[in-house]
1. Can you give the relative contact order of the range 133-185 as a percent, counting alpha carbon pairs under 8 Å and 6+ residues apart?
2. To the nearest 10 square angstrom, what accessible area does residue 81 show with a 1.4 Å probe?
3. Using a probe radius of 1.4 Å on heavy atoms only, what accessible surface per residue do you get for the chain? Whole Å² is fine.
4. Tell me, what % of the accessible area of the chain is carbon and sulfur with a 1.4 angstrom probe?
5. Taking 0.36 nm per residue of sequence separation and subtracting the Cα-Cα distance, how much length would be gained by fully extending the chain between residue 198 and residue 48, in nm to one decimal?
6. Calculate for the chain the 222 nm mean residue ellipticity that helices alone would give, adding -39,500 (n - 2.57) per DSSP H run of length 4 or more and normalising by residue count, nearest 500 deg cm²/dmol.
7. Dimensions of the chain along principal axes (Cα, Å, largest first)?
8. Quick check on the chain: of the DSSP beta bridges with both residues there, what percent are antiparallel, nearest 5%?
Amino acid sequence: MIVPVLPRRLVLAGVAAQPLLLQRALAAGLVATPSQTEGPFYPTAFPADSDNDLVQVRGQAAHAMGTTLHLQGRGIDASGKPLDGALVEIWQCDAQGIYDHPRQPGRERRDSAFQGYGKVLTDATSTYRFRTLKPVAYPGRTPHIHLKVATADGRRLTTQFYLAGDPLNERDFVYREAARDPRQRERIDMRLEPANGIEPGAFATTMDIVIA
Ligand SMILES: [Fe+2]
C-alpha cells in the first residue's frame, strides 16, 4: 500500500491513510483492494517449487489434499489501467489448516504435497493465475488466502481473499476491518463457481486486484 504523506492538519484531525486512499480510488472510479495484515505466516524460506500451481509440487506424484481452486484476475490501478509485470504472491495453510512455517504448531503434520506458497507475474493482459486450494478455517481465523502484490512501478499491496458468505467471516476481526465498506468487501469476497470443465470437483473464481 502506498501511504501518502498526510498534511499535518489531517494527521492532527485523526484522518487515517486508508480512508484517504479510498476517497482517491472512488474519485478515479474504482475502489482499491483494501490493505490487510501480512499475518505471522509469510514464508521465512521459499519452497524450491514456487510456481503458480500450489496443488502440484514439482517432482511429486501426489496432489495436495483438499478442494482445488483456480484463482485468477487482473491487476489494475484505480483508473482501470492494466498493471503488467506485477509480481503476485499467495500463501495459505493446507487442507488441515497447517502453514509451512516455523511458528506453525504441528508443522510436521503438514501436507507436503501442498506447496503453500506460489508466485507469478501478471502477463501482457495484466492477468495472474493460480491453481491452489479452496481455503479452510484454522483456529481463530475464517478461511482466507494471503496475497502480496508488487507492481513494476514500485507500488505494494498486502491483502487477503475470503469465501463470500462464509459464516465465520463476520466473527473474523481482520475480515470485518477490511470489509467495513461494502465496496471494499467486493474486492476481497471470492465467489466460487464449479469448474468441472477445467478439472472434476474444482472451483474457479475471478478476483481483480485494484491498487491505488
Ligand atoms: Fe492466515
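1. Reported as a whole number, the value is 27 percent.
2. Around 110 Å² of this residue is reachable by solvent.
3. 49 Å²
4. Here it works out to 55 percent.
5. Full extension of this stretch gives 51.4 nm more.
6. Computed mean residue ellipticity for the chain: -3500 deg cm²/dmol.
7. Principal-axis extents of the chain (Cα, largest first): 58, 38, 32 Å.
8. Bridges in the chain that DSSP calls antiparallel: roughly 75 percent.
The values are calculated or read from the model by the stated rules, or taken from the named source; none is laboratory data. It should be emphasised that the depicted structure is a prediction, and the values quoted were computed from it without experimental measurement. With ligands, DNA and RNA removed, areas are computed over all heavy atoms of the protein, side chains included. Shrake-Rupley method; radii C 1.70, N 1.55, O 1.52, S 1.80 Å.
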